[in-house]
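Worksheet for the structure shown next.
The values are calculated or read from the model by the stated rules, or taken from the named source; none is laboratory data. Being a predicted model, the structure only gives us computed values, none of them experimental. Positions of Cβ are backbone-derived with ideal geometry, glycine not excepted, and every protein chain shown enters the neighbour counts. Surface accessibility is based on the protein's heavy atoms, side chains included, excluding ligands, DNA and RNA. Shrake-Rupley method; radii C 1.70, N 1.55, O 1.52, S 1.80 Å.
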Amino acid sequence: MNNLEAALAYSEKGFSVIPIRPDKQPFIQWKEFQKRRATKEEIKKWVSQWPGAMIGIVTGEISGVFVVDCDSQEAYEKIQAMLPECFLTAIVKTPRGYHIYLLYPADRQIGNATGIMPGVDVRGEGGYIIAPPSVNAEGKVYEW
């Protein structure tokens, strides 16, 4: 699946997607996409304009997810040790670690936090993460 197909598929599943530069910053002013999803036409335009862009998913209520971002294998293992053995969720292998996707709760707000423990951040309302099949500036892949 190429980036256009993936971005459109994420959008169709209810995720708010944005185009991300190799330095992990958005190509666009993205605040509005915290409250509305891009149209198919906008997504197609972005992929055409920036063919090497990574796919960003805006976290929080708009996409219905928050993400625990583990920046190393050690951080991931510490988080895994806190979870029950039967815990199942979507996980992305990133170039440095893992993104653990969780459903955004309807009854509370989860924001963004860095360093909640060594190598672990949270991306919630007002945040974004990079999604597969994005490839970073060093040619490393994000994969489910």
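Residues in the range 33-42 carry Karplus couplings, in order, of 7, 7, 10, 9, 8, 5, 7, 4, 5, 5 Hz; the curve used is 6.51 cos²θ - 1.76 cosθ + 1.60 with θ = phi - 60°, and Gly or Pro positions show x.
GNM on the chain, C-alpha springs below 10 Å: top fluctuator among Ser48, Ser72, Ser134? In the Gaussian network model the winner is Ser48. Sort out for me the Cα centre separation of the range 116-144 from the range 90-115, rounded to whole Å. Measuring centre to centre over Cα atoms gives 9 Å. Less than 13 Å Cβ to Cβ from Pro19, Lys/Arg counted +1 and Asp/Glu -1: what total charge do the surrounding residues give? Local charge sum for Pro19: +2.
Computed about the Cα centre, the dipole magnitude for the chain is approximately 420 debye when only Lys and Arg (+1) and Asp and Glu (-1) carry charge, each at its Cβ.
Classify the range 37-144 as rounded, prolate or oblate from the Cα gyration tensor: take a ≥ b ≥ c as the square roots of its eigenvalues, call it rounded if a/c is under 1.5, otherwise prolate when a/b beats b/c and oblate if not. Here the range 37-144 falls in the oblate category.
Backbone phi angles across the range 130-139, fed through the Karplus curve with coefficients 6.51, -1.76 and 1.60 (θ = phi - 60°), yield HN-Hα couplings of 9, 10, x, x, 4, 10, 7, 4, 8, x Hz in residue order; Gly and Pro are listed as x. Accessible area per residue for the range 12-120, computed on protein heavy atoms with a 1.4 Å probe, is 59 Å². Take the chain, connect every pair of alpha-carbon atoms lying under 10 Å apart with a spring to form a Gaussian network, then pick out the residue of Glu42, Glu32, Glu85 with the largest mean-square fluctuation. It is Glu85.
Under a Gaussian network description of the chain, with springs only between Cα atoms under 10 Å, the residue in Thr114, Thr59, Thr94 that fluctuates furthest is Thr114.
Relative contact order of the chain, taken over Cα pairs closer than 8 Å and 6 or more residues apart, is 27 percent. Across the range 91-100, computed HN-Hα scalar couplings (Karplus, 6.51 cos²θ - 1.76 cosθ + 1.60, θ = phi - 60°) run 9, 10, 7, 9, x, 10, x, 8, 10, 9 Hz from first to last residue, x flagging Gly and Pro.
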